[in-house]
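The values are calculated or read from the model by the stated rules, or taken from the named source; none is laboratory data. Predicted model only: the values in this text are computed from it and were never measured. Heads up, the Cβs are rebuilt from the backbone with ideal geometry, glycines too, and the neighbour counts pull from every protein chain shown.
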Number of protein chains: 2
Amino acid sequence: MNTTELIQQIRAKKSYLCVGLDTDIDRLPKHLGNDVSAIVEFNKAIVEATSQYAVCYKINTAFYEQYGAKGWEIMEETLQLIPNSCFTIADAKRGDIGNTGKMYAKAFLKNMSFDSITVSPYMGRDSVEPFLEYDKVAIVLGLTSNKGSVDFQHLTTPNGALYEQVIEKVASWGNPNNMMFVVGATQAEKLKEIRSIVPEHFLLIPGVGSQGGSLKDVSENGLNSNCGLLVNSSRGIIYASSGEDFAQRAGEEARKLQMEMSTYL
Amino acid sequence: MNTTELIQQIRAKKSYLCVGLDTDIDRLPKHLGNDVSAIVEFNKAIVEATSQYAVCYKINTAFYEQYGAKGWEIMEETLQLIPNSCFTIADAKRGDIGNTGKMYAKAFLKNMSFDSITVSPYMGRDSVEPFLEYDKVAIVLGLTSNKGSVDFQHLTTPNGALYEQVIEKVASWGNPNNMMFVVGATQAEKLKEIRSIVPEHFLLIPGVGSQGGSLKDVSENGLNSNCGLLVNSSRGIIYASSGEDFAQRAGEEARKLQMEMSTYL
């Protein structure tokens, strides 16, 4: 799925919800057992219960890599469960140069067919460009939602804070169709300013809910004429219940967010 | 292996050579065939031919991830081939927060038992600290060897260039035993200055040889009383020959570098 199709889905579903499949075996409902393969069963039920309300799924690669080769199998199986009508994100935060960058891009965007991947910008242009070669989307870290974002992202540079420089410069290497930016939901007050730098780009917003970000603030400051937002919720949806009704409850939480989103669109 | 044992090995072998196992199936000698499992056979021969001259092996995870689950198996098998007397690096350039960071650390430092992992600093302190929890080593990107390093790493901040700020601040989160920094060999003229910021830390130096960095310049500017350098060579060693003598030629190239290193120590 490309950005144009994503915009169509957002309009059709009146939703810009991204569900984060940060699936942790220690948090699975007891009745699913604790074998690694239960992760796929869990993800399948979550996707089925939420896909009418969500336009996007984000797979957090760390949660799968911890199981080594088996974990990669599970990640690939999970990706296959996601309907073609939803945009997929490999939340992998890769970034390396030359041949190495090309191989990460090939692994996620070609071999596994994710629609997009999150990318760390520290190494500069030749670490981002390999992810633009597949007519897919590089989602580059701009301003993150964590406490440590103040350490470097807010440092003053000759043209504003580092994160502003990063967003402005990185945006010039691609276009709003092949590039998005990660902006943490806890940074809602900065969203207006970021919108003035990248009025047309999609912003992937983690941190609503469990990390304390407000959907209302994010939407009021971040929406553009094509929506331009993907708001991620992981734990608030997938762990809404730890009982046998986990999927139903996940669906209800997704629906609540979709309903609220429809009022902002 | 920890940093103290690494220093002992450096003294014993008179070497600070790190061999980069950036093994690309398209560059394997013809007689090994082109099945993915040939990568392990190739790596085995390279390790056997070079381990008397090298103190360290660096596995570039991108080259393995491109084969999905099978690639992770091969990466784990490759790690098992490396003798305990050599320090191991997962060149994975990971970096994420909270639970996600912890899972990356667990995947590489606990489950796979790498001695260290390369880490991207953009997200700040809470993205680096999870890698310090295993009594192993986080090798944080400081100043990289690629063209794109000028895009952000050289930006002026109130306390010097961004890379100087990164190295200074990150160093304060750990110590020379659980932290190293990546500094590209093409940045030899900056090494003296970086040494003044982190006099005791090990620096991992990629870019000697194929990327144009000079071992002499790097050594003159970067060595400290415990050596303090790991100089990586990948293509110059592992692809020294594309014939049946590939391992022998790799050993010869490693030996040349070790001999030169012994004169600087």
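Give all pairs with beta carbons closer than 6 Å in which a residue from region A:145-157 that is more than 16 Å from B:V150 (Cα to Cα) meets a residue that is among the polar types (S, T, N, Q) and outside any helix (DSSP H, G or I); count only pairs at least 6 apart in sequence or on separate chains.
A:S145/A:Q211; A:L155/B:T157
Can you tell me which residues in region B:116-127 are crowded, with 24+ Cβ neighbours inside 10 Å, touching a residue at least 12 places away in the same chain (Cβ under 8 Å) and not aromatic (F, W, Y)? Working first, answer last.
In the first step, residues of region B:116-127 are kept if they are crowded, with 24+ Cβ neighbours inside 10 Å; the result is B:116-124, B:127.
Now restrict to residues that are touching a residue at least 12 places away in the same chain (Cβ under 8 Å): B:116-123, B:127.
Listed by number, the residues that qualify are B:S116, B:I117, B:T118, B:V119, B:S120, B:P121, B:M123, B:S127.
Can you pull out the residues in region A:53-90 that are touching an Asp or Glu at 6+ places or on another chain (Cβ under 8 Å), facing chain B (nearest Cβ under 9 Å) and not in a helix (DSSP H, G or I)?
Across region A:53-90, the qualifying residues are A:N60, A:T61.
Does region B:224-265 hold any residues that are part of a loop (DSSP other than H, G, I, E, B), in contact (Cβ under 8 Å) with a residue 24 or more places away in the chain and over 15 Å from B:V208 (Cα atoms), and which are they? Even if it seems obvious, please write down each step before you answer.
Quick first cut of region B:224-265, residues part of a loop (DSSP other than H, G, I, E, B) only: B:225-226, B:228, B:234, B:239-245, B:265.
Still in the list and also in contact (Cβ under 8 Å) with a residue 24 or more places away in the chain: B:226, B:228, B:234, B:239, B:241-244, B:265.
Hits for region B:224-265 are B:N226, B:G228, B:S241, B:S242, B:G243, B:E244, B:L265.
Looking at (1) farther than 19 Å from B:L141 by Cβ; (2) touching a strand residue (DSSP E or B) at 6+ places or on another chain (Cβ under 9 Å); (3) among the small types (G, A, S), which is the one condition that is false for B:G228?
It fails just one condition, (1).
Within region A:23-36, work out how many residues are touching a helix residue (DSSP H, G or I) at 6+ places or on another chain (Cβ under 7 Å) and surrounded by fewer than 21 Cβ atoms within 10 Å (Cβ to Cβ).
Step one: filter region A:23-36 for residues touching a helix residue (DSSP H, G or I) at 6+ places or on another chain (Cβ under 7 Å), giving A:23-25, A:28-29, A:32, A:34, A:36.
If we keep only those that are surrounded by fewer than 21 Cβ atoms within 10 Å (Cβ to Cβ) too, we end up with A:24-25, A:28-29, A:32, A:34, A:36.
Here the count works out to 7.
Can you tell me which residues in region A:23-34 are modelled with pLDDT under 95 and within 13 Å of A:Q66 (Cα to Cα)?
Once the filter is applied, which keeps residues that are modelled with pLDDT under 95 and within 13 Å of A:Q66 (Cα to Cα), region A:23-34 yields A:D24, A:I25, A:D26.
For the list (1) modelled with pLDDT under 95; (2) away from chain B (no Cβ under 14 Å); (3) surrounded by fewer than 16 Cβ atoms within 10 Å (Cβ to Cβ), I need the number of the one condition that A:S225 fails.
Among (1) modelled with pLDDT under 95; (2) away from chain B (no Cβ under 14 Å); (3) surrounded by fewer than 16 Cβ atoms within 10 Å (Cβ to Cβ), the lone unmet condition for A:S225 is (1).
Which numbered condition in (1) polar (S, T, N, Q); (2) surrounded by 19 or more Cβ atoms within 10 Å (Cβ to Cβ); (3) closer than 24 Å to B:E260 by Cα; (4) in contact with a Ser or Thr (Cβ under 9 Å, 6 or more places away or on another chain) is the only one that B:S85 fails?
(2)
Here is a list: A:L143, A:L109, A:L132. Which entry is buried (at least 24 other Cβ atoms within 10 Å of the Cβ) and at pLDDT 95 or above? Let's see the steps before the verdict.
Details: A:L109 fails: buried (at least 24 other Cβ atoms within 10 Å of the Cβ); A:L132 fails: buried (at least 24 other Cβ atoms within 10 Å of the Cβ).
So the residue among A:L143, A:L109, A:L132 that is buried (at least 24 other Cβ atoms within 10 Å of the Cβ) and at pLDDT 95 or above is A:L143.
When you check B:I205 against the structure, is it at pLDDT 90 or above, more than 14 Å from chain A (Cβ to nearest Cβ) and closer than 23 Å to A:V128 by Cα, yes or no?
Yes.
Can you find, within region B:93-106, the residue that is nearest to B:T50 (Cα to Cα) among those that are of a type outside the set (S, T, Y) and buried (at least 23 other Cβ atoms within 10 Å of the Cβ)? Walk me through how you get there before you give the answer.
Step one: filter region B:93-106 for residues of a type outside the set (S, T, Y), giving B:93-99, B:101-103, B:105-106.
Checking the rest, the ones that are also buried (at least 23 other Cβ atoms within 10 Å of the Cβ) come to B:93-97, B:101, B:103, B:105.
Details: B:K93: 25, B:R94: 28, B:G95: 31, B:D96: 34, B:I97: 37, B:G101: 33, B:M103: 32, B:A105: 28 Å.
Looking at residues that are of a type outside the set (S, T, Y) and buried (at least 23 other Cβ atoms within 10 Å of the Cβ), I get B:K93.
Hey, among A:V47, A:V36, which residue is part of a loop (DSSP other than H, G, I, E, B) and either within 14 Å of another protein chain (Cβ to nearest Cβ) or touching a residue at least 12 places away in the same chain (Cβ under 8 Å) (or both)?
On the way: A:V47 fails: part of a loop (DSSP other than H, G, I, E, B).
Unique residue meeting the criteria: A:V36.
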